[in-house]
Amino acid sequence: MATTPCLIALDQGTTSSRAIAFAPTGEILAQAQRELPQHYPRSGWVEHDAERIWADSLAVLQETVRAVRATGAVPAALGLTNQRETVVVWERASGRPIHRAIVWQDRRTAETTRALRTAGHEDLVAARTGLLLDPYFSASKIAWVLDQVPGARARARAGELAAGTIDSFLIWQLTGGLHATDITNASRTSLFDIHRRSWDEELCALFDVPVSLLPEVRPNAGDFGHTRPDQTGLDLAITGSAGDQQAAAIGQACLAPGTVKSTYGTGCFLLQNTGAAPQASAHKLLTTIAFQVGDRVDYALEGSIFAAGATIQWLRDGLRLIASAGESAALAAQLPDNQGVYLVPAFTGLGAPHWDAEARGLLVGLTRDTGPAHLARAALEAVAYQTRDLVDALAADCGARAQTIRIDGGMAGNDWFAQFLADVLGTTVDRPAVTETTALGAALLAGVGGGLFDSLDDAARAWVSERRFTPAMAAGERDRLLAGWDAALARALTPPA
């Protein structure tokens with residue numbers, strides 16, 4: 001009896017853990033999802049329960065595998081993708097975390113990274129890692145756990161602990177003890193030399209993170225072990241892994257230099273493939289590894305916005321102005337324009353191109369007429385304005401403005417937002433038929449690593465455009481809106497010392 005192979009992706013994100021089964025051609029066959037609670041122990045601190053992440057990840061994997069097998073398809077391989085920079089430190093003997101996971105949004109180590117910057121270390125970090133000194137990245141988070149959990153440093157020296165990003169924690173749990181990560185996640189830690197493509201002992205010493213804690217670094221497609229059926233109830237080869245934004249770029253078929261994608265999840269992440277050579281940024285974008293498959297290594301420039309979907313989630317859960325994210329578009333469309341109301345969603349500081357850890361959110365232009373529709377529109381517009389800032393920085397670094405941007409993530413399904421984005425950028429915006437491109441990218445990597453595809457280019461043929469949005473706003477209107485945004489942004493930024 002003939003069977004149809006399929007690819008399973010485990011997508012462990014900031015707000016949920018989900019698994020999706022894809023046909024090799026990219027169609028979704030089955031999926032399961034569980035929402036992940038957020039913990040905010042102090043202002044600017046964000047944590048996740050790592051044991052909850054593992055339990056939910058296993059549950060959605062098992063549910064998806066059962067569902068897809070019921071259709072007659074057979075899982076051929078498993079690919080992982082994850083919220084990057086978030087870190088876990090756990091016991092090697094038991095696999096239990098010694099502290100909650102510290103999330104990429106967390107700002108508790110701002111003082112540490114500021115002190116390293118003041119001491120003149122940022123040039124070294126940037127030259128070797130492509131990153132800036134900021135609490136966003138993993139290294140200072142790992143050091144914080146070792147310093148704050150009683151006995152942790154002694155246990156680390158004794159070889160009792162392991163540390164890593166979420167992908168490595170899940171690989172450990174799924175395989176029963178393999179300590180491995182992929183090159184894209186490693187490149188976001190501030191501990192990895194992206195030129196030599198190895199852990200850097202000098203950087204580890206700078207951040208006071210023992211190299212012995214860290215996982216083995218592997219290419220994005222290949223052997224990441226095998227799930228243990230006795231512990232997981234699953235019999236799957238793990239043959240692909242990538243951080244969420246690099247996975248999304250692969251799912252968006254951004255394999256040629258100059259291709260650009262922008263993902264709208266909890267945050268917004270704009271990434272442009274720059275080819276085989278790393279390109280330094282003069283405008284505070286990040287130089288990062290896009291992927292490694294076999295001997296091919298591509299680099300990218302990336303801009304990170306901390307609050308995109310999180311801003312809409314704030315409308316829903318914080319202000320309770322909407323019952324679901326989809327209501328934001330209908331509210332925004334009720335108004336002919338924003339009537340001068342702007343939101344700067346610096347809830348946990350501002351990312352690229354500003355990198356202001358101390359900035360906080362700001363609403364300007366309020367009048368007695370301001371209501372829920374104004375706030376919904378301001379929230380959606382803010383994500384587009386921040387994307388404009390990234391696109392401007394990217395154009396300044398690369399010498400040319402992107403003519404087309406491929407969008408994905410939850411907000412990409414919002415037609416009002418997609419059109420406003422095209423209008424503000426003055427650039428064509430392409431939305432793919434499958435907007436779950438992060439999971440799709442992980443699945444395609446697993447397909448390459450598992451031999452279902454001959455190459456990454458072969459796998460990327462799954463990408464198909466669903467709708468194209470073209471700019472329709474008059475230039476004068478665009479300039480007026482952007483001037484208002486720039487003025488609001490200037491008020492939110494921390495004044496120079």
Stretchable slack from Ser16 to Ala487, in nm (0.36 nm times residue separation minus alpha-carbon distance): 166.1 nm
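Where nothing but the Cβ of Lys and Arg (+1) and of Asp and Glu (-1) is charged, how large is the charge dipole of region 360-408 around its Cα centre, in debye to the nearest 20? Kindly include the intermediate steps, with their values, before the conclusion.
Values: 6 positive and 6 negative charges, 25 e Å.
Here region 360-408 has a charge dipole of around 120 debye.
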Return the label of the correct value of Rg and Dmax of the Cα atoms in Å, as calculated from the structure shown, out of (i) 21.7, 66; (ii) 22.3, 79; (iii) 21.6, 72. (iii)
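Tell me, in nm to one decimal, what length is gained between Ala205 and Ala277 on full extension, where the rule is 0.36 nm per residue of separation less the Cα-Cα distance? Each step should come with its number before you reach the end.
Numbers: separation 72, 0.36 × 72 = 25.92 nm, distance 2.71 nm.
Here the answer is 23.2 nm.
For region 4-243, give the share of DSSP beta bridges that are antiparallel, in percent and rounded to the nearest 5; count only bridges with both residues there.
Values: 27 of 44 bridges.
The antiparallel fraction comes to roughly 60 percent.
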Just flag the chymotrypsin sites (Phe, Trp or Tyr not before Pro) in region 157-228 sitting in loop per DSSP whose Cβ has no more than 10 other Cβ atoms within 10 Å. none
Once you sort the root eigenvalues of the Cα gyration tensor of region 1-122 as a ≥ b ≥ c, which label holds: rounded (a/c under 1.5), prolate (a/b larger than b/c) or oblate (the other case)? prolate
Only helices at least 20 Å long along their axis, Cα-based, and averaging -1.0 or more on Kyte-Doolittle count here, so list those DSSP H runs from the chain. 50-70, 372-398, 475-492
Can you give the relative contact order of the chain as a percent, counting alpha carbon pairs under 8 Å and 6+ residues apart? 15 percent
What nm distance separates the two modelled labels at Arg42 and Asp147, each placed 7 Å from Cα along Cα→Cβ? 1.1 nm
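For the chain, what proportion of DSSP beta bridges, expressed in % and rounded to the nearest 5, is antiparallel?
Here the antiparallel bridges make up roughly 70 percent for the chain.
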About the Cα centre, charge dipole magnitude for region 198-252 (Lys/Arg +1, Asp/Glu -1 at Cβ), debye: 260 debye
Of Ala221, Val87, Thr175, whose Cα points farthest to the positive end of the dipole of region 4-243 (charges on the beta-carbon: +1 Lys, Arg; -1 Asp, Glu; origin at the Cα centre)? Val87
Considering only Ala55, Ala186, Thr71, whose Cα is most displaced toward the positive end of the charge dipole of region 4-243, charges sitting on Cβ of Lys, Arg (+1) and Asp, Glu (-1)? Ala55
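All of the numbers you see were taken from the coordinates with simple rules; none came from a lab. Nothing here was measured: the structure is a model prediction, and the numbers come from that model. Note: ideal-geometry Cβ built from the backbone for every residue, glycine included; neighbour counts use all protein chains shown.
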